[in-house]
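For reference, the structure is listed below as structure tokens.
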There are 2 protein chains.
Amino acid sequence: MFASAPSTLRHVAFALCLGLLAIGTSLAGAQAQSDPLPSWNEGAAKKSITDFVAKVTAQGGAEFVPPTERIAVFDNDGTLWCEQPIYFQAAFALDRVKAMALDHPEWKNRQPFKAFLSGDRKALAAQGEKALLKLVAATHSGMTTDEFAKSVADWLATAKQPRFDRPYNELIYQPMVELLAYLRANGFKTFIVSGGGVEFMRVWAEKAYGIPPEQVVGSSGVVTFRIGVSGPELTKLAKIEFVDDGPGKPVGINRFIGRRPIFAFGNSDGDLQMLQWATAGEGARFAGIVHHTDAEREYAYDRQSKIGKLDKALGEAAAKGWSVVNMKMDWKQVFPSQ
Amino acid sequence: MFASAPSTLRHVAFALCLGLLAIGTSLAGAQAQSDPLPSWNEGAAKKSITDFVAKVTAQGGAEFVPPTERIAVFDNDGTLWCEQPIYFQAAFALDRVKAMALDHPEWKNRQPFKAFLSGDRKALAAQGEKALLKLVAATHSGMTTDEFAKSVADWLATAKQPRFDRPYNELIYQPMVELLAYLRANGFKTFIVSGGGVEFMRVWAEKAYGIPPEQVVGSSGVVTFRIGVSGPELTKLAKIEFVDDGPGKPVGINRFIGRRPIFAFGNSDGDLQMLQWATAGEGARFAGIVHHTDAEREYAYDRQSKIGKLDKALGEAAAKGWSVVNMKMDWKQVFPSQ
């Protein structure tokens, strides 16, 4: 055995080299043929994206943008994941009210909890938007930030979206996940800029989209610092601090990112000002809109929808030549495979 | 000429290879000997830093921290740059009031502008802190974010700190600049978390410290979006929105970063809660304080100072074993060479 070792080693080394060469060749072949956006059908929407990325990354080109300036922002609800039949964060709040009711016997006789817990939709609807805000406040405050994050993680581990019978964080859009990765591979820094709660999204956004907590911009409630029994803690209060929606989106971008994005994607009128702000800068700019046209694989809604209403922004997209993604036509696949 | 070209090319190629080999060898030598913190004297402070970085980056070690969790936060005034004889942002505000006075003839008869512009320090002092806030508001609002950024850049290009007769953004601490680069080279993401204005810092922080705008957390005023004459614009209002100081620092970290830092550096009691928050997390934690002990090369101040008061945090550092940097003893050099 030992006598033949050097010769064996040579054989092994030789075999390894052959193997590496073979792997190298097949990798090169795969790379040349691979499509970074495999869930997108060939068409105007896909071409508008790849053309934009090609021109801003072409060193020496007229529209080259240095990597530090390659800021890309994405709305979340309806742009990166599904938002029907109700915003997923609202589903979380309602599920949490039920779960927390055991510890809150007083809710049986207090509105809007009473109406919601007894399934009295008419009484709940009569109390309007304020009722929902009260339910959200009860489930999003009066606890530490760590406790809240845990309640979100626990919910995601068990709750399922009713129509698709899948965990909510599986109902992300596969083509958009590919787009995020494609942009990052081309030197972009990707951010979420959403009307959703920033602390709600940060729990799962990194795993779902590859976007770390510090690149998630969202709405927030007031948080306060104190030295508690077991040390320093941050407590969530029932007071809205910032609404990152509509004209709040460019404000949030300015506050959190401090640079004007060159690439922005949304799906509703709540994203209009973000798209306006991103495209009003100098040099090459990209604005995209996900148009929900696929009742079969997802949902179809736009100008008349209560959730994710897309009206003014659709008009402005046509006028300004923004890229409109027709979900039914442009996407081979909507959600990740199970 | 042309006939000998191939042979010449071979000579050139050979010389290039020799040259590359020589460069490679000298680089390897330099790397083996190089000190990532050359402006730090050998001592407890420097050792506490390098020991911490070694243990959290040791793959397979008991205190290993994955790169995504290597969040490092730094106060700015008095920690990364000088803050005497007045906060540099206050110097900016005062210089701007003088520059703007030409366009504001009404200031001659309106307080606190009248007192300040006529050099009546007694009258100005009598108006207290509110006077300074009014001067700051006048120079930090009523303009677009782009106009404000330009006013900061213009000021930095001409103004000089009186004692050192150097531009303010040259009065950054060379040892801390090295520390920031050293942490980044070890997979840390570096953030500023400062009581200073976020839009004031973002103008120059990337060039000075290598910290991009999206990693600067600071105090802010309300900003509003509108479609102006020349398109979408963000206007700064004279209303404070968030004070990123004291208990506001962990709140700002939670809002902007969304992860608890494992490494934090400050210099005053305004940083105490940030240091408490960072060190209260699980696993390896580092807290550092810059103690201004060098009246000759910089300034010497702590418990009695109006600016950068360091009292409670110094006591807590001693009790908890935080690293205290003695500027006079620990730093070979304070500011970058001219």
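List of remarks:
- Each of A:I253, A:I307 has its accessible area taken with a 1.4 Å probe; listed largest first, they run A:I307, A:I253.
- Protection proxy ranking, peptides A:268-276, B:109-117, A:213-221, B:56-64, average beta carbon neighbours within 10 Å, highest first: A:268-276, A:213-221, B:109-117, B:56-64
- Projecting the Cα atoms of A:A138, A:I257, B:A185 onto the charge dipole of the protein assembly as shown (Cβ charges, centred on the Cα centre) puts A:A138 farthest toward the positive pole.
- When A:P38 is represented by a point 7 angstrom out along its Cα-to-C-beta vector, the spacings to that point in the other copies are 4.9 nm, nearest first.
- Efficiency of FRET between A:T68 and B:K320 - r from beta-carbon atoms, R0 56 angstrom, step 0.05: 0.90
- Residues of type lysines that A:K114 reaches as a straight line, Cα spacing below 23 Å, ignoring anything fewer than 8 places off in the same chain: A:K98, A:K122, A:K130, A:K134, A:K239
- Helix runs (DSSP H) in chain B reaching 30 Å along axis by Cα, Kyte-Doolittle at least 0.0: B:5-33
- Segment B:268-338 and segment A:249-279 have their alpha-carbon centroids 38 Å apart.
- Apportionment of accessible area to carbon and sulfur, the protein assembly as shown, percent (1.4 Å): 58 percent
- Taking a point 7 Å from the Cα of A:A159 along the Cα-to-Cβ direction, the residues of segment A:71-99 with backbone N closer than 17 Å to it are A:76-78, A:81-99.
- Where chain B is rotated onto chain A, the residue of B whose Cβ comes nearest the axis, and that gap in whole Å, is B:F256, 3.
- Listing of segment B:224-244 residues, each with accessible area lower by at least 40 Å² in the full protein assembly than in the chain alone (probe 1.4 Å): B:F225, B:P232, B:L234, B:E241
- Interface burial for A against B (accessible surface, 1.4 Å probe, total of both chains, Å², rounded to 100): 2900 Å²
- Once the Cβ-Cβ distance of A:A125 and A:Q304 is raised to the sixth power relative to R0 = 22 Å, the FRET efficiency obtained is 0.75.
- Across identical copies of the chain, B:E106 has label-point separations of 5.1 nm, listed in ascending order, with the point defined 7 angstrom from Cα along Cα→Cβ.
- Coil-residue chymotrypsin sites (Phe, Trp or Tyr not before Pro) of segment B:193-235, DSSP, other Cβ within 10 Å capped at 16: none
- Å² of accessible area per residue within segment B:179-256, as computed with a 1.4 Å probe and no ligands counted: 33 Å²
- A Gaussian network model of chain B, with springs between Cα atoms under 10 Å, assigns the largest mean-square fluctuation among B:G43, B:G128, B:G308 to B:G128.
- Here A:S118 yields copy-to-copy label distances, from shortest upward, of 7.2 nm, the label point defined as 7 Å from Cα along Cα to C-beta.
- Pairs of lysines in segment A:243-338 whose Cα atoms sit within less than 20 Å of one another amount to 7, provided the residues are eight or more positions apart or on different chains.
- Our analysis of segment B:68-111 gives Rg over Rh at 1.30, with the two radii drawn from alpha carbon positions and Rh computed by the Kirkwood formula.
- Cα centroid of segment B:57-92 to Cα centroid of segment A:145-223, whole Å: 27 Å
- For segment A:229-329, the list of GluC sites (Glu not before Pro) that fall in a loop by DSSP and count at most 13 other C-beta atoms within 10 angstrom reads A:E282, A:E296.
The values are calculated or read from the model by the stated rules, or taken from the named source; none is laboratory data. All of these numbers come straight from a predicted model, not from anything done at the bench. Backbone-built Cβ (ideal geometry, glycine too); neighbour counts: all protein chains shown. Keep in mind that these areas ignore ligands, DNA and RNA; they rest on the heavy atoms of the full protein, side chains included. Shrake-Rupley method; radii C 1.70, N 1.55, O 1.52, S 1.80 Å.
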